[in-house]
Amino acid sequence: MSKGLKLTDILVTVVISVVLAAIYHFWAAVYEVAKAPGLQLEQLMYGMWFIASTVAFLLIRKPGVAFLAEAAAASGELLLGSPFGVEALTYGLVQGICAELLFAATGYNRYSAVTAGLAGMAAGAGALVFDFFKGYMTELQTWSLVLYIVFRFVGAFVICGFVAAGLVKALEATGVAQLVRPASRADYDALNRKTTKM
């Protein structure tokens, strides 16, 4: 299997990113509603802003695609007029790098929901670094800070792992995955079995 990104891989990644950029843009409203009770519940929703990296990787399964997807989605969100301004892009770049590093640590050979969830948590950790330097985290009471961090990681794990894996399975059912994935050994074996029966 070729590990380099082909034009098809890049185009599919960009299409995924454009769709998710639109979702990212409107997700701010969901985030604000969840913020209302003041219990850090919005952090459970935060993982949606880095799902592009895990969806793209689970679908295309090549190095660089997680970073490319997140960078493209964050750029698209910015162009759509993100309420977060340029921060949408800077956060997106760091989140994409962090997710990419997690996939790299697995040798780009693990495609499970758990691995994607861990990549989401890595992206969430990258975003937390930015949040810390903005200063408001130090103003939170201990219980509130603990909820903030735990909810961020739990939401990232579920959204970037299980929700992303579910989306990719739905795409696989349509046959789209075959456009970007090379034939596997199992595909060749199935073809050989079919040929010998004829």
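The values are calculated or read from the model by the stated rules, or taken from the named source; none is laboratory data. This structure is a prediction, so every number in the text was calculated from the model and none was measured. Every residue, glycine among them, receives a Cβ derived from its backbone with ideal geometry; neighbour counts consider all protein chains shown. Just the protein is used for accessible areas: all its heavy atoms, side chains included, with ligands, DNA and RNA removed. Shrake-Rupley method; radii C 1.70, N 1.55, O 1.52, S 1.80 Å.
Of all residues in segment 82-91, those that are open to solvent by 70 Å² or more (accessible area, probe 1.4 Å) and of a type in the set (A, V, I, L, M) total 1. Here the condition is being surrounded by 24 or more Cβ atoms within 10 Å (Cβ to Cβ) and not in a loop (DSSP other than H, G, I, E, B); of VAL55, VAL94, it holds for VAL55 alone.
Conditions (1) at positive phi; (2) open to solvent by less than 40 Å² (accessible area, probe 1.4 Å); (3) of a type in the set (Lys, Arg); (4) touching a residue at least 12 places away in the same chain (Cβ under 8 Å), marked per residue:
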{"site": "LEU7", "(1), (2), (3), (4)": "no, no, no, no"}
{"site": "ILE10", "(1), (2), (3), (4)": "no, no, no, yes"}
{"site": "GLU32", "(1), (2), (3), (4)": "no, no, no, no"}
{"site": "GLN43", "(1), (2), (3), (4)": "no, yes, no, yes"}
{"site": "GLY47", "(1), (2), (3), (4)": "no, yes, no, yes"}
{"site": "ILE51", "(1), (2), (3), (4)": "no, yes, no, yes"}
{"site": "LEU59", "(1), (2), (3), (4)": "no, yes, no, yes"}
{"site": "VAL65", "(1), (2), (3), (4)": "no, yes, no, yes"}
{"site": "LEU80", "(1), (2), (3), (4)": "no, no, no, yes"}
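Of all residues in segment 102-116, those that are in contact (Cβ under 8 Å) with a residue 60 or more places away in the chain have Cβ atoms under 8 Å from Cβ atoms of residues that are of a type in the set (Gly, Ala, Ser) and surrounded by 14 or more Cβ atoms within 10 Å (Cβ to Cβ), 6 or more apart or on another chain, in ALA116/GLY161; ALA116/ALA164; ALA116/ALA165.
Can you name the residue in segment 76-88 that is assigned to a helix (DSSP H, G or I) and within 19 Å of VAL55 (Cβ to Cβ) and is also modelled with the highest pLDDT among such residues? Talk me through it step by step, then tell me what you get.
Going residue by residue through segment 76-88, those that are assigned to a helix (DSSP H, G or I) are 76-79, 87-88.
Subsequent filtering for residues that are within 19 Å of VAL55 (Cβ to Cβ) retains 76-77, 88.
Working: GLY76: 93, GLU77: 90, ALA88: 89.
Ranking the qualifying residues of segment 76-88, first place goes to GLY76.
Within segment 167-189, restricting attention to residues that are open to solvent by less than 40 Å² (accessible area, probe 1.4 Å) and part of a helix (DSSP H, G or I), the residue that is modelled with the lowest pLDDT is VAL180. Applying the set (1) within 13 Å of the chain's Cα centre (by Cα); (2) of a type in the set (Gly, Ala, Ser); (3) under 26 Å from LEU11 (Cβ atoms) to ALA88 leaves exactly one unmet item: (1).
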